[in-house]
Amino acid sequence: MGDEIDEGQAPDEAITKGALLPTTTGWVMPPATVRQRMDEIEEYRAIMVEGEDYGVIPGTQKPTLFQPGADTLCKAAGLWQADPEFVERIEDWDAPFFYYLVKVRVRDDAGRYWTGTGSCNSRESKYASKFVPLFTLSPESKERAELEGWPQEMRKSKAGNNVAWVKAPNEDIFSLVNTIQKMAIKRAYVAATLRATGAHRVFTQ
């Protein structure tokens, strides 16, 4: 596991404080330290709540680390999150299209930091469209849904009736701008946590 050293911190001091070893590709933990860290991660995974701290996404083998789980690992490792940095942003209110690329660092008391990046945009499927009852659409939208072949599924209403739902373009994307920003930050934070703690051997993102 490599990390980045703040300017002004001597390499010898970093090695002493964090038990890091210099290599041709950066700073790494010795095998004994890695094994100890892995044992700690497994212990914390045992007390984590599946579905809240982590979860297995269909099509993946490793459990995915969620933000609450990242908080747990950072606290256990004595790490804290620095303010996020927006590397790139696109805010086109006419299109509309919103995109954010964010960098987040987690730091320790020795002054070392690990960086993660994450992005999110309004054309991701979870933001670009949403399922709504077919009967709530206007006649024009119903015609468009048929012509464009919007995905449909049947759902049970509270009264037990079968109701057709259709996946329609999200016309209320402007209310999700803050959510998209926060998702980019969260993804960067989880990425930094995985790198800093070595938990990528147990979790994925």
For this session: Please go through the range 85-96 and pick out each residue that is closer than 15 Å to residue 179 by Cβ and modelled with pLDDT of 95 or more.
Result: 89, 91
For this session: Starting from residues that are closer than 19 Å to residue 128 by Cα and open to solvent by less than 40 Å² (accessible area, probe 1.4 Å), keep the ones in the range 144-174 and report whichever is nearest to the chain's Cα centre (by Cα).
Result: 173
Problem set entry | Of all residues in the range 70-79 being over 15 Å from residue 195 (Cβ atoms) and surrounded by 12 or more Cβ atoms within 10 Å (Cβ to Cβ), the one that is modelled with the highest pLDDT | 71
Exercise. Which is open to solvent by 90 Å² or more (accessible area, probe 1.4 Å) and either touching a Gly at 6+ places or on another chain (Cβ under 8 Å) or within 30 Å of residue 193 (Cα to Cα) (or both), of 107, 89?
Worked result: 89
Exercise. Here is a list of conditions, (1) exposed (fewer than 13 other Cβ atoms within 10 Å of the Cβ); (2) hydroxyl-bearing (Ser, Thr, Tyr); (3) more than 32 Å from the chain's Cα centre (by Cα), and residue 141 meets all of them except one; can you say which number that is?
Worked result: (1)
Exercise. Somewhere in the range 175-191, is a residue surrounded by fewer than 17 Cβ atoms within 10 Å (Cβ to Cβ) and touching a Lys or Arg at 6+ places or on another chain (Cβ under 9 Å)?
Worked result: no
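Output the number of residues of the range 177-188 satisfying the condition of being without any contact (Cβ under 8 Å) to a residue 60 or more places away in the chain and farther than 22 Å from residue 204 by Cβ. Explain how you work it out, then say what you get.
The initial filter retains those residues of the range 177-188 that are without any contact (Cβ under 8 Å) to a residue 60 or more places away in the chain, namely 178-179, 182.
Still in the running and farther than 22 Å from residue 204 by Cβ: 178-179.
Qualifying residue count for the region: 2.
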For this session: Search the range 70-89 for residues being among the hydrophobic types (A, V, I, L, M, F, W, C) and part of a helix (DSSP H, G or I), and hand back the single one that is farthest from residue 55 (Cα to Cα).
Result: 77
Exercise. Tell me, which residue of the range 48-69 that is more than 17 Å from residue 198 (Cβ to Cβ) and assigned to a strand (DSSP E or B) is most open to solvent (accessible area, probe 1.4 Å)?
Worked result: 50
Seminar exercise, completed: Checked the range 121-135 for anything within 21 Å of residue 163 (Cα to Cα) and surrounded by 12 or more Cβ atoms within 10 Å (Cβ to Cβ); matches are 129, 130, 131, 132, 133, 134
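One line per residue, one yes/no per condition, for (1) at pLDDT 90 or above; (2) more than 23 Å from residue 86 (Cβ to Cβ):
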| site | (1), (2) |
| --- | --- |
| 107 | yes, no |
| 113 | no, no |
| 119 | yes, no |
| 122 | yes, no |
| 128 | yes, no |
| 160 | no, yes |
| 168 | yes, yes |
| 174 | yes, no |
| 193 | yes, no |
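The values are calculated or read from the model by the stated rules, or taken from the named source; none is laboratory data. Predicted, not measured: the structure shown is a model, and the values here were computed from it. Cβ sites come from the backbone with ideal geometry, for glycine too, and all protein chains shown count toward neighbours. Keep in mind that these areas ignore ligands, DNA and RNA; they rest on the heavy atoms of the full protein, side chains included. Shrake-Rupley method; radii C 1.70, N 1.55, O 1.52, S 1.80 Å.
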